[in-house]
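The values are calculated or read from the model by the stated rules, or taken from the named source; none is laboratory data. Nothing here was measured: the structure is a model prediction, and the numbers come from that model. Cβ placement follows ideal geometry from the backbone for every residue including glycine, while neighbour counts extend to all protein chains displayed. SASA here: full protein model, heavy atoms, side chains in, ligands and nucleic acids out. Shrake-Rupley method; radii C 1.70, N 1.55, O 1.52, S 1.80 Å.
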Amino acid sequence: MLTIRSTGPDQTQSVAKKLAALLQPNDLILLIGDLGSGKTTFTQGLAAGLQIDHHVKSPTFNIVNEYHQGRLPLFHLDVYRLEKTGGADMGLEEYFNGGGVSVVEWPKFIAHELPAEFLQIELQKGEAINDDEQRKLVLTAKGDRYQQLLSDLAIKLKE
């Protein structure tokens with residue numbers, strides 16, 4: 001586990017850019033956090049780090065936005081709307097095994113369709129009363145690949 005404190009959106013995106021430099025095809029990132037916690041902000045930083053020169057927005061109504069212009073494709077999934085139905089018939093494995101990076105917001109709604117290994121990032125809003133921009137990012141690795149990814153990211157954050 002790795003915990004990072006962010007003082008604002010720019011720093012959150014900076015962490016995501018550093019993570020993006022370490023990502024490989026078929027990596028899976030699960031984003032957990034309340035509305036407004038910075039999940040899309042984090043994904044925007046990932047996209048920038050993958051050299052995707054496209055405006056990244058939450059795919060709330062589409063469920064999936066695909067970006068193919070960068071070093072690796074980015075599949076940004078917001079599965080909040082699958083709360084009652086799950087994702088069994090969505091073909092999600094095509095994204096998870098599609099040679100890109102999959103980022104899933106609200107993964108609890110498709111828990112049964114998720115691979116066993118992934119990087120989970122929980123974004124928690126600032127604890128200071130008057131600081132809406134502060135975030136705590138708690139990164140948890142499931143599987144050897146993601147344990148190594150966290151170790152590499154910890155080194156990169158110190159550079």
For this session: On the full set of protein chains, 1.4 Å probe, figure out the accessible area of I32 and give it in Å² to the nearest 10.
Result: 60
For this session: Choose one answer from G45, G143, G99: the residue with the largest mean-square fluctuation in a GNM of the chain with alpha-carbon springs under 10 Å.
Result: G143
For this session: Run the quick spin-label model on L35 and I63: label points 7 Å from Cα toward the beta carbon, then report their separation in nm to one decimal.
Result: 2.1
Problem set entry | Whole-Hz couplings from phi, Karplus 6.51/-1.76/1.60, listed for segment 145-159; x for Gly and Pro | 3, 7, 4, 5, 4, 5, 4, 5, 5, 4, 5, 5, 5, 7, 6
Problem set entry | Antiparallel DSSP beta bridges within the chain, as percent of all bridges there, nearest 5 | 55
Seminar exercise, completed: Placing +1 on each Lys and Arg Cβ and -1 on each Asp and Glu Cβ in segment 14-81, then taking the dipole about the Cα centre, the residue among H54, L72, A16 whose Cα reaches farthest towards the positive end is A16
Exercise. With each pseudo-label sitting 7 Å past Cα toward Cβ, what's the K158-L22 distance in nm, one decimal?
Worked result: 1.2
Problem set entry | Whole-Hz ³J(HN,Hα) from phi, Karplus 6.51 cos²θ - 1.76 cosθ + 1.60, for segment 17-32, glycine and proline x | 4, 5, 5, 4, 5, 9, 6, 10, x, 6, 5, 10, 10, 9, 10, 10
Problem set entry | Solvent exposure, largest accessible area first (probe 1.4 Å, DNA, RNA and ligands not counted), of D144, D27, D34 | D144, D34, D27
For this session: Return a whole-number percent for the relative contact order of the chain, with Cα pairs under 8 Å and 6 or more residues apart as the contact set.
Result: 31
For this session: Pop a pseudo-label 7 angstrom from the Cα along the beta-carbon direction at both A111 and R71 and give the gap in nm to one decimal.
Result: 3.4
Problem set entry | Subset of K108/K156; K125/K158; K57/K158; K39/K136; K17/K158 violating a 21 Å alpha-carbon distance limit | K108/K156; K125/K158; K57/K158
Problem set entry | F109 accessible area, 1.4 Å probe, all protein chains in place, Å² to nearest 10 | 30
Exercise. Under a 5 Å amide H to amide H cut-off, with H placed in plane at 1.01 Å, what residues pair with N26 once short-range neighbours are removed?
Worked result: G99, G100, V101
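Sort largest first and round to whole Å: the equivalent ellipsoid semi-axes of the chain, each the square root of five times a Cα gyration tensor eigenvalue. Don't jump to the answer; show the numbers that get you there.
Numbers: eigenvalues 99, 67, 49 Å².
The three semi-axes for the chain are 22, 18, 16 Å.
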For this session: List, largest first, the extents of the alpha carbons of segment 1-56 along their principal axes, each in whole Å.
Result: 28, 26, 18
Seminar exercise, completed: The size of the Cβ-based charge dipole (Lys, Arg +1; Asp, Glu -1) of the chain about the Cα centre, to the nearest 20 debye, is 320
